1. Filtering the range 145-169 down to residues that are part of a helix (DSSP H, G or I) and within 17 Å of the chain's Cα centre (by Cα), which residue is surrounded by the most Cβ atoms within 10 Å (Cβ to Cβ)?
2. Out of the residues in the range 102-134 that are among the small types (Gly, Ala, Ser) and farther than 20 Å from LYS216 by Cβ, which is surrounded by the fewest Cβ atoms within 10 Å (Cβ to Cβ)?
3. Give the number of residues within the range 1-50 that are closer than 21 Å to TYR387 by Cα, charged (D, E, K, R) and in a loop (DSSP other than H, G, I, E, B).
4. Go through (1) surrounded by 21 or more Cβ atoms within 10 Å (Cβ to Cβ); (2) in contact with a Gly (Cβ under 7 Å, 6 or more places away or on another chain) for ASN319 and report which single condition fails.
5. What pairs come out if I take residues in the range 325-346 that are assigned by TED's automatic domain parsing to the domain that holds VAL302 and pair them with residues that are among the hydroxyl-bearing types (Ser, Thr, Tyr) whose C-beta lies under 6 Å away, six or more apart or interchain?
6. From the residues in the range 119-144 that are of a type in the set (Gly, Ala, Ser) and part of a loop (DSSP other than H, G, I, E, B), which one is farthest from ARG353 (Cα to Cα)?
7. Taking the range 51-74 on its own, how many of its residues are of a type in the set (D, E, K, R) and not in a loop (DSSP other than H, G, I, E, B)?
8. Looking at the range 85-144 only, could you name the residues that are hydroxyl-bearing (Ser, Thr, Tyr), within 23 Å of SER200 (Cα to Cα) and in contact (Cβ under 8 Å) with a residue 24 or more places away in the chain?
Amino acid sequence: MAYDILINNAKTRAYGPGLVQIAIEKGKIAKIGEQVSGTAKQVVDAAGHLVTESFVNGHLHLCKVYTLAMMDDEAMSAYTGEDMGGAMTAIELAAKIKEKYDEKWIINNVRKALDLAVRYGNTHIRAFADTDTTGKLEGVKALLKAREEYKGRVEVQVVAFPQDGVVRDPGAEDYVEEALKMGADVVGGIPWIEYTDADSQEHIDRMFKLAKKYNKDVSMLIDDAGDPTLRSLEMLAVTTLREGWEGRVTVQHARAMALYPEPYYRKMEALLKKARMGLVSDPQTGPLYARVKSLYKAGISVALGQDDIADAYYPFGRNNMQEVAFLAAHLMNMTSRPEMEILYDLITTHAARALGIKNYGLKEGCNADLVVLDAGSVWEALWSHDYPLYVFKDGVDISVKK
């Protein structure tokens, strides 16, 4: 058998302590075993380094990357201060940047962030584009353009995201629908930003109407403030069940969950499981975060996200999911080796499940989206969070060499 690529001496998480060979043919993982007979056009010696699935970023505001230099720190201070009590104020302050939105400069920032994604083996991104009466469709246009430019290197799922609400921003819904007609992949939402619970439910209902009309998945930023009385997570889960959209809805943030009374948390955990909803947490960008360890233990598909790169909400970020997991290890006190394995799931296998990514995994027949790390274990990988020795997307070597 002549393969396209043969990776020798690979250490894996799934195939025991011994080294294996991984054969890649026509963009797929063709064979995994201690000995794979055949030749290959490209032979890679992993030399005992860890080989895993490439990384998944479950949440990135890609239209906003590198915009911090264009504004002051007022929004960031409001978002992260006082137990996130000023989160809504922060969003209102950050919206000022959208008055300057233009696809021509946004695309250059997007390319810079996606080049980093390639460098760090981050081959799948759920990317949010503000889609409202201020930003209009400029962010969407930039992200759709980048999605095509980076095809074969990074799969960009473009989310049409009404950042400033739907009820409180009349006309935003029309822009979201236009974005879907242009080719956006996912219907976004942020129902907690509305002024009343009734408006939050209306926000969810309007976005679900579009999702069903265009047969799209749904991804919503939920209860992103230090207020345990926020209930848009419950609204979203109940609506998902009512509309028959199980397995097609992802929650971002849900930071208010950190403050839930235990009985209410248990009810929400059960609802999330029943609705087969994924959840993406970004603990590095705010002082509160969802109950990741409990959700993971309950079997809910949980992921980590970069969330922001040098924008009004977060001053750092390299589109490096190992770095995000490294930060999460400290913030969520997950520093034992078994807990590091969980964190690695949250940037690979569980993240793919949360986003509904198909044919993903280090298994025969799955897409050959892989990384060869400059580390022999998950512990060492998160410790160094360096970029991989090799990155493969659909069986093609796209590595940025050291």
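The values are calculated or read from the model by the stated rules, or taken from the named source; none is laboratory data. In this text the structure is predicted, and so the values were computed from the model without any measurement. Don't worry about glycine lacking a Cβ; one is built from the backbone with ideal geometry, like all the others, and counts go over all protein chains shown.
1. Among residues in the range 145-169 that are part of a helix (DSSP H, G or I) and within 17 Å of the chain's Cα centre (by Cα), the one surrounded by the most Cβ atoms within 10 Å (Cβ to Cβ) is ALA146.
2. ALA113
3. 1
4. (2)
5. ALA329/THR335; ILE342/TYR296
6. The extreme case among them is GLY135.
7. Selection size over the range 51-74: 3.
8. THR131, THR133, THR134
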